[in-house]
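These notes concern the structure reproduced below.
The values are calculated or read from the model by the stated rules, or taken from the named source; none is laboratory data. Bear in mind the structure is a predicted one, so any value in this text is a computation, not a measurement. With ideal geometry, Cβ positions are generated from the backbone for all residues, glycine too; neighbour counts draw on all protein chains shown.
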Amino acid sequence: MGYQFVHLESFARKPDAKGRGTSFIFAEASRKPEASLHVENPAPPVVVYGVGMEAVQEIHDTAAAEATIAVKGGHVRKVAKDKKTLHTVVASYPATMAEIRDDPAKRKEAEQWERRTISWLRSQYGDDLKSVIRHEDEEYFHIHAYVVPLDEPGMSALKHHPGVTAKRTIMESGKEAEDKRLSQRGLTPRTNRQCENGRTAIIRRSLSRVD
């Protein structure tokens with residue numbers, strides 16, 4: 001088997017620099033003409049998990065319109081349209097649609113890969129995974145997954161961005177390590193903050209005497 005390809009990307013309701021907002025993403029998935037110029041002969045998607053595109057868009061748009069986020073001062077405001085509220089995954093199988101159509105064995109292998117990939121998507125995204133579709137009108141066999149983070153504060157799709165989650169894990173680990181180090185020295189983070197300026201002043205005075 002050749003290399004498999006997986007691409008993750010999140011989108012906001014407001015279009016990005018390439019004109020891609022959630023409305024465009026749903027239109028492209030549904031194969032609406034205005035969003036399918038890259039496909040020679042557009043064909044409706046095949047739903048292989050969850051609900052269809054119209055239902056996913058309704059779930060997303062309704063939730064995004066009602067989503068709120070807490071801000072400073074104890075206030076609550078609606079989520080801005082430039083906040084990413086939809087997460088997508090594209091997974092491509094290393095065989096062309098022509099090969100799969102002509103070879104029953106390759107079709108069976110591709111369908112097994114599809115089932116395993118859906119299982120992986122479910123393990124990654126849980127109930128946030130609303131739909132998985134297959135496009136059969138492009139060169140390679142591939143599927144698209146649509147993830148709507150309904151339970152995440154502000155519907156932030158960055159919850160599912162590997163880079164963001166890795167950064168959060170590292171920062172939390174670093175904070176825990178620092179708290180442990182301070183505790184071993186008999187200091188709490190609060191005490192450390194209170195004493196920080198004092199320690200700096202002592203160091204400066206010491207340097208002055210050396211000079």
Against the definition (of a type in the set (A, V, I, L, M, F, W, C), touching a Lys or Arg at 6+ places or on another chain (Cβ under 7 Å) and either over 23 Å from F26 (Cβ atoms) or touching a residue at least 40 places away in the same chain (Cβ under 8 Å) (or both)), how does L129 come out, yes or no?
yes
First in the stretch 4-26 and of a type in the set (K, R), second anywhere and surrounded by 13 or more Cβ atoms within 10 Å (Cβ to Cβ), Cβ under 7 Å, 6 or more apart:
R13/G21; R13/T22; R13/A64; R13/K81; R13/T85; K14/G21; K14/K81; R20/F11
Matching entry among H160, H142 (being out of contact with any Leu (no Cβ under 8 Å at 6 or more places or on another chain), buried (at least 19 other Cβ atoms within 10 Å of the Cβ) and of a type outside the set (F, W, Y))
H142
Among residues belonging to the stretch 86-119 that are over 15 Å from the mean Cα position of the chain (by Cα) and among the polar types (S, T, N, Q), point out the one that is farthest from V148 (Cα to Cα).
T96
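So that you can scan it fast, the table gives a plain yes or no per residue for (1) on the phi > 0 side of the Ramachandran plot; (2) touching a Phe, Trp or Tyr at 6+ places or on another chain (Cβ under 8 Å); (3) in contact (Cβ under 8 Å) with a residue 60 or more places away in the chain:
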| site | (1), (2), (3) |
| --- | --- |
| E111 | no, no, no |
| H135 | no, no, yes |
| Y140 | no, yes, no |
| E152 | no, no, no |
| M171 | no, no, no |
Anything in the stretch 120-163 that is under 13 Å from the mean Cα position of the chain (by Cα), of a type outside the set (G, A, S) and assigned to a helix (DSSP H, G or I)? List them, or say none.
L121, Q124, Y125, D128, M155, L158, K159, H160, P162
So is A12 touching a helix residue (DSSP H, G or I) at 6+ places or on another chain (Cβ under 9 Å), modelled with pLDDT of 95 or more, surrounded by 16 or more Cβ atoms within 10 Å (Cβ to Cβ) and more than 27 Å from Y140 (Cβ to Cβ) or not?
yes
All positions within the stretch 141-151 that are closer than 16 Å to A65 by Cβ and not β-branched (V, I, T)
P149, L150
Can you confirm whether E114 is farther than 25 Å from A12 by Cβ and at pLDDT 95 or above?
yes
